[in-house]
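For reference, the structure is listed below as structure tokens.
We did not get these values from a lab; they are worked out from the coordinates using the rules stated. The structure displayed is predicted, hence computed values, not measured ones. Ideal geometry is used to build each Cβ from the backbone, glycine not excepted, and the neighbour counts take in all protein chains shown.
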Amino acid sequence: MNRKSDKPETRCIHAGNTVDSVTGAVMPAIYTSSTFENEAFGVPREYIYSRGDNPTRAALERCAAELEGGLQAFGCASGMAATAAVLDLLPAGAHVVVPNEVYGGTYRLLTDIRAKSAGIEASFVDFSSPDNIAAACKDNTALVWFESPTNPLLSVLDIQAIADVAHAHGALAAVDNTFATPMNQRPLELGCDIVMHSTTKYFGGHSDVLGGLVIVSDAELGERLSGVIAITGGVAGPFDAYLTFRGIKTMALRMERHQSNALAIAQWLEGHKKVSRVIYPGLSSHPGHELASRQMDQGYGAVVALELNGKQADVAAFMNKLQYFAIAEGLGGVESLVGHPRTMSHSRVPEDQKDTLGLTENLVRLSVGIEHVDDLIGDLDQAL
Ligand SMILES: Cc1ncc(COP(=O)(O)O)c(C=O)c1O
């Protein structure tokens, strides 16, 4: 397929998809083979060994590269495997600049695991001003890594401005685009070097498969990543790659409903007397609303954070009373979930930092699903 639509619905269905020339199958086969026979001695075929490359994973990778406007994508076993692969591009002892608000697993990977195994040093700063990032950069800064919107406080960061600062200091700019999805925002087109996804979330979309992606637009960077991932081996297996590829087909449609539900819920919560604060980039009360409106082209994502009036006991009672929102880690599936970042996704953030960051006792995170919005609002209403 040579036609390349700029419409997300069409891109999700056709990006990277090829009809099988032998069978006419419109979907890729699940190639379970770990190895591929050479045509003859010294004459390998396109595929050699599935850790290096696998046809089912390749279908996912073609699709993801096209959706993000990149050149090459790499299907990994999880979002964390994808993040780890990016860190493996850095020399030992490299310095990384990261926002104060970053996914808890990324924080631990940087500050614990890779600090010990590779001497990685991370500086955590407030990314709301590019000057703070510039001030944190050192001679050995190799990477500026960030998310937008952030997890769980949904701060919106200026991707283009941050990429410019990173490049001015000779560092790579990498974005965890999990919350936004390429339906809304394509960081490579805004000047970043690397995009990473936890495809466990909106790409897979059904809470039934783990996965990650790294996407780049530079061939030399792609070559280096390919070497890293083939040797460290955290690749997506063929079944998982297939499920993720399948999930992508409906990502544009799902995001449309996820986001219209999230906006309606955020607006409804804003008027509720038991709710002291609602954080959602789609609300005009959100400090990053204007930037999000420029940077995100289809919507504002589907995570809504709120703070309840009252004590932690009230928060527990509220979460226990919800019926459609399951209390669970994770986000991005068709079903709605509710989490308590302080004790769940971000429990490992040091206690003193939780308050500084705003991970309060009363903060609740909703992953808004694609159920009927009236049912979701009704559920929130009875629980409040
Ligand atoms: C923003 C973000 N990045 C990365 C990850 C890690 O992804 P995975 O759980 O697929 O390893 C998560 C998981 O929740 C996430 O929310």
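Listing for the model above:
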item: Size descriptor, Kirkwood hydrodynamic radius, that averages inverse alpha-carbon separations across the chain, Å; result: 21.4
item: Derived scalar couplings ³J(HN,Hα) [segment 106-112; Karplus, 6.51 cos²θ - 1.76 cosθ + 1.60; whole Hz; x for Gly, Pro]; result: 5, 4, 5, 4, 6, 7, 10
item: Net dipole in debye of the chain [+1 Lys, Arg Cβ; -1 Asp, Glu Cβ; about Cα centre; nearest 20]; result: 460
item: Cut-off 10 Å between beta-carbons: net charge of the residues surrounding Ser155, Lys and Arg +1, Asp and Glu -1; result: -3
item: Radius of gyration and maximum dimension Dmax of segment 1-98, Cα, Å; result: 16.8, 51
item: Spatial separation of Cα centroids for segment 90-156 and segment 255-320, in angstrom; result: 26
item: Of Lys116/Lys354; Lys273/Lys321; Lys321/Lys354, those spanning more than 21 Å from alpha-carbon to alpha-carbon; result: Lys116/Lys354; Lys321/Lys354
item: Within segment 1-81, GluC sites (Glu not before Pro) in DSSP loop having at most 14 other beta-carbon neighbours inside 10 Å; result: Glu37, Glu39, Glu46
item: Contour minus Cα-Cα distance for Phe239 and Glu121 (0.36 nm per residue); result: 38.9 nm
item: Tail fraction, Cα-Cα pairs, segment 208-312, threshold 19 Å, whole percent; result: 63
item: Max mean-square fluctuation residue, GNM over the chain, Cα-Cα springs under 10 Å, options Gly70, Gly204, Gly358; result: Gly358
item: Net charge of Cβ neighbours under 12 Å - reference Gly204; Lys, Arg +1; Asp, Glu -1; result: +2
item: Computed magnitude of the charge dipole of segment 252-383 (debye, nearest 20; Cβ of K, R +1, Cβ of D, E -1); result: 160
item: Length-normalised contact order of segment 252-383 in % [C-alpha pairs under 8 Å, at least 6 apart]; result: 29
item: The chain, relative contact order in percent, only Cα pairs under 8 angstrom and at least six apart counted; result: 17
item: DSSP-defined antiparallel bridges as percent of all bridges, the chain, nearest 5; result: 60
item: Most positive-pole-ward Cα, Ser347, Ala292, Ala84, against dipole of the chain from beta carbon charges; result: Ser347
item: Rg in Å to one decimal, and Dmax rounded to a whole Å, for segment 242-380 via C-alpha atoms; result: 15.2, 46
item: Residue-count net charge about Val235 - beta-carbon cut-off 11 Å; Lys, Arg +1, Asp, Glu -1; result: -1
item: Using alpha carbons only: equivalent-ellipsoid semi-axes of segment 43-165, gyration tensor based, whole Å; result: 30, 18, 14
item: Charge-dipole axis of the chain as Lys and Arg at +1 and Asp and Glu at -1 on Cβ define it, positive-most pick from Leu154, Gly227, Gly330; result: Gly330
item: Burial order of peptide ranges 99-112, 10-23, 75-88 (average beta-carbon count within 10 Å, highest first); result: 75-88, 99-112, 10-23
